[in-house]
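S.K.: Sharing a structure below in structure tokens format, with a few things to ask.
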Amino acid sequence: MKTILITGGAGFIGSHVVRRFVRNHPDTRIVNLDALTYAGNLENLVDVQDAPNYHFAKVDIRDAAAIEACFAQYQPDAIIHLAAESHVDRSITDPMAFVETNVNGTVNLLNAAKALWADQMEGKRFYHISTDEVFGALGAEGFFTEETAYSPNSPYSASKASSDHFVRAYHETYGLPVVISNCSNNYGPNHFPEKLIPLMIHNILEGKPLPIYGDGKYTRDWLYVEDHAAAIETVFLKGQNGETYCIGGWNEWQNIDLVRLLCDLMDARLEKPVGTSQGLITFVKDRPGHDLRYAIDATKIHRELGWKPAETFETGLAKTIDWYLANAAWLKSVTSGTYQAYYDAQYASA
Ligand code: NAD
Ligand code: DAU
């Protein structure tokens, strides 16, 4: 039986990727390797946890010996690597955590794959999931493509850029069969409420202020998480070794317009007078080094591999809001414990 090891499978995007692979590839063993940090939650996978082809390994990618032991046990034929520290604001307060997991952790995985596949690289694949933030910031015009030069601005994006470079270097130096994709902002079910959309949904439900950094004119390109999971499956199955693929939603929104839309959609769902939630919008201190605009030109993956998003923003946001309203217990559970301390520290001086 073939084995695919997916790292970070208990997180937001990883859980959608694991579910997709468990369901679509019943004859393949899917191993979810995750350290279960604050962002990892096995509740995200209750619907597939009993599937015969699903396995879970609690491993920290900063621990090279633990990775080696896991690789020896499962002998993976392929790695899909999502495990990372993923929040820009946390990277500003604690950059070293991002170096340790995103850089060192990725190199630990590359070393383990190189050692395991030393005699036979044919048919193997190391797929690294990266971000459009490695390209830095766009002005009002233009798009990121596979040809855009790297210019990361935050400790998070610098750590992801570094990990991309290591993955590429292992291909050039050791012939490791690698592929990389760089995706824009995801949204959807299971998104941890430290990121813009789920944080706003959570605060609207709690009647708390909605903190908009700076003037709110920063722009992001939003993609529904299941569309990203589908793109990842497409790149995994059809992508070329040594290539990179940009993935995006063709769906740019300024933060303030997006939050206003979300407020109105939530008011309608909660049967409140339209305008109620917009009254919670509060402009706060800007994020240091805040990138003005991200936007992806996803022509290559569409033309070469046939992928395009299935959801519109209207259908994706409706599904997202429905999910959060139906999963109040999940939201309560992930915002208990250390969440409140993070929130107070992040927004105290705002
Ligand atoms: P997330 O923070 O929701 O999940 C990260 C997962 O990695 C968690 O399950 C966590 O427990 C695990 N993890 C963290 N440190 C670990 C360690 N040391 N060892 C093992 N597991 C560890 O992240 P996400 O938003 O789902 O992002 C997943 C990947 O996709 C990341 O590599 C991120 O850079 C990339 N990405 C995210 C987005 C986005 O919009 N969220 C867009 C493009 C790319
Ligand atoms: O572009 C892909 C990246 O998207 C991923 O690589 C990252 O892992 C992911 O976190 C995301 O990064 P962003 O920094 O773009 O996402 P975030 O949700 O943190 O912020 C989106 C925008 O909203 C950004 O311009 C900052 C702003 N913002 C965010 C928060 C949390 C606010 O105005 N207020 C907030 O409270």
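The values are calculated or read from the model by the stated rules, or taken from the named source; none is laboratory data. Note that the structure is a prediction, hence the values are computed from the model and not measured. Positions of Cβ are backbone-derived with ideal geometry, glycine not excepted, and every protein chain shown enters the neighbour counts. All accessible areas refer to the heavy atoms of the entire protein, side chains included, with ligands and DNA or RNA removed. Shrake-Rupley method; radii C 1.70, N 1.55, O 1.52, S 1.80 Å.
S.K.: For the subset of the stretch 195-222 comprising residues that are open to solvent by 30 Å² or more (accessible area, probe 1.4 Å) and under 22 Å from residue 335 (Cβ atoms), which member is nearest to ligand 1 (Cβ to nearest atom)?
M.R.: Checking each candidate, the answer is 195.
S.K.: How about the stretch 32-43: which of its residues are outside any loop (DSSP other than H, G, I, E, B) and surrounded by fewer than 24 Cβ atoms within 10 Å (Cβ to Cβ)? Before the answer, list the steps.
M.R.: Start the filter on the stretch 32-43 by keeping residues that are outside any loop (DSSP other than H, G, I, E, B), which leaves 32-34, 42-43.
Passing the criteria: 42, 43.
S.K.: Please state which of the following conditions residue 23 fails to meet, knowing it meets all the rest: (1) of a type outside the set (A, V, I, L, M); (2) open to solvent by 30 Å² or more (accessible area, probe 1.4 Å); (3) part of a helix (DSSP H, G or I); (4) closer than 17 Å to residue 323 by Cβ.
M.R.: Of (1) of a type outside the set (A, V, I, L, M); (2) open to solvent by 30 Å² or more (accessible area, probe 1.4 Å); (3) part of a helix (DSSP H, G or I); (4) closer than 17 Å to residue 323 by Cβ, only one is false for residue 23: (4).
S.K.: Of all residues in the stretch 161-177, which are over 19 Å from the mean Cα position of the chain (by Cα) and not aromatic (Phe, Trp, Tyr)?
M.R.: 168, 169, 171, 172, 173, 175, 176, 177
S.K.: If a residue must be open to solvent by 40 Å² or more (accessible area, probe 1.4 Å), of a type outside the set (Gly, Ala, Ser) and within 13 Å of ligand 2 (Cβ to nearest atom), how many such residues does the stretch 155-194 contain?
M.R.: 1
S.K.: Residue under question is residue 67, and the condition is that it be part of a strand (DSSP E or B) and either open to solvent by 50 Å² or more (accessible area, probe 1.4 Å) or of a type in the set (Val, Ile, Thr) (or both); does it hold? Give the steps one after another, and end with the answer.
M.R.: On the way: part of a strand (DSSP E or B): no; either open to solvent by 50 Å² or more (accessible area, probe 1.4 Å) or of a type in the set (Val, Ile, Thr) (or both): yes.
So residue 67 fails the test.
S.K.: Mind checking which residues of the stretch 202-248 are hydroxyl-bearing (Ser, Thr, Tyr) and either in a helix (DSSP H, G or I) or without any contact (Cβ under 8 Å) to a residue 24 or more places away in the chain (or both)? Even if it seems obvious, please write down each step before you answer.
M.R.: Initial filter on the stretch 202-248 (hydroxyl-bearing (Ser, Thr, Tyr)): 213, 218-219, 224, 234, 244-245.
The one that is hydroxyl-bearing (Ser, Thr, Tyr) and either in a helix (DSSP H, G or I) or without any contact (Cβ under 8 Å) to a residue 24 or more places away in the chain (or both): 234.
S.K.: Only one residue in 7, 101, 37 is touching a strand residue (DSSP E or B) at 6+ places or on another chain (Cβ under 6 Å) and under 26 Å from residue 152 (Cα atoms), so which one is that?
M.R.: Just one listed residue meets the conditions, 7.
S.K.: Filter the stretch 288-310 down to the residues that are basic (Lys, Arg) and in contact with a Cys (Cβ under 8 Å, 6 or more places away or on another chain) and list them by number. Working first, answer last.
M.R.: Kept after step one, since they are basic (Lys, Arg), are these residues of the stretch 288-310: 293, 300, 303, 308.
Across the stretch 288-310, the qualifying residue is only 300.
S.K.: Sticking with this structure for a sec: Any idea which of (1) out of contact with any Pro (no Cβ under 9 Å at 6 or more places or on another chain); (2) under 26 Å from residue 92 (Cα atoms) is the one residue 201 doesn't satisfy?
M.R.: If we test residue 201 against (1) out of contact with any Pro (no Cβ under 9 Å at 6 or more places or on another chain); (2) under 26 Å from residue 92 (Cα atoms), just (1) comes out false.
S.K.: Of all residues being away from ligand 1 (no atom under 13 Å from the Cβ) and among the charged types (D, E, K, R) in the stretch 20-58, which is farthest from residue 188 (Cα to Cα)? Just the residue, please. Can you show your working first?
M.R.: So the first thing to find is which residues in the stretch 20-58 are away from ligand 1 (no atom under 13 Å from the Cβ), and the list is 20-30, 46-55.
Checking which are among the charged types (D, E, K, R) leaves us with 20, 23, 27, 29, 47, 50.
Details: 20: 15, 23: 19, 27: 28, 29: 26, 47: 17, 50: 24 Å.
Ranking the qualifying residues of the stretch 20-58, first place goes to 27.
S.K.: Further, regarding this structure: Considering (1) outside any loop (DSSP other than H, G, I, E, B); (2) within 30 Å of residue 69 (Cβ to Cβ), say which one residue 157 fails and leave the rest.
M.R.: Exception for residue 157: condition (2).
S.K.: In the list 225, 274, 235, which residue meets the criterion of being at pLDDT below 95 and either more than 10 Å from ligand 2 (Cβ to nearest atom) or crowded, with 17+ Cβ neighbours inside 10 Å (or both)?
M.R.: Numbers: 225 fails: at pLDDT below 95; 235 fails: at pLDDT below 95.
So the residue among 225, 274, 235 that is at pLDDT below 95 and either more than 10 Å from ligand 2 (Cβ to nearest atom) or crowded, with 17+ Cβ neighbours inside 10 Å (or both) is 274.
S.K.: Within the stretch 207-223, identify whether any single residue is under 30 Å from residue 276 (Cβ atoms) and touching a Cys at 6+ places or on another chain (Cβ under 7 Å), and answer yes or no. Give the derivation first.
M.R.: The initial filter retains those residues of the stretch 207-223 that are under 30 Å from residue 276 (Cβ atoms), namely 207-223.
Within this subset, residues satisfying the condition of being touching a Cys at 6+ places or on another chain (Cβ under 7 Å) are 223.
Scanning the stretch 207-223 turns up at least one residue that is under 30 Å from residue 276 (Cβ atoms) and touching a Cys at 6+ places or on another chain (Cβ under 7 Å).
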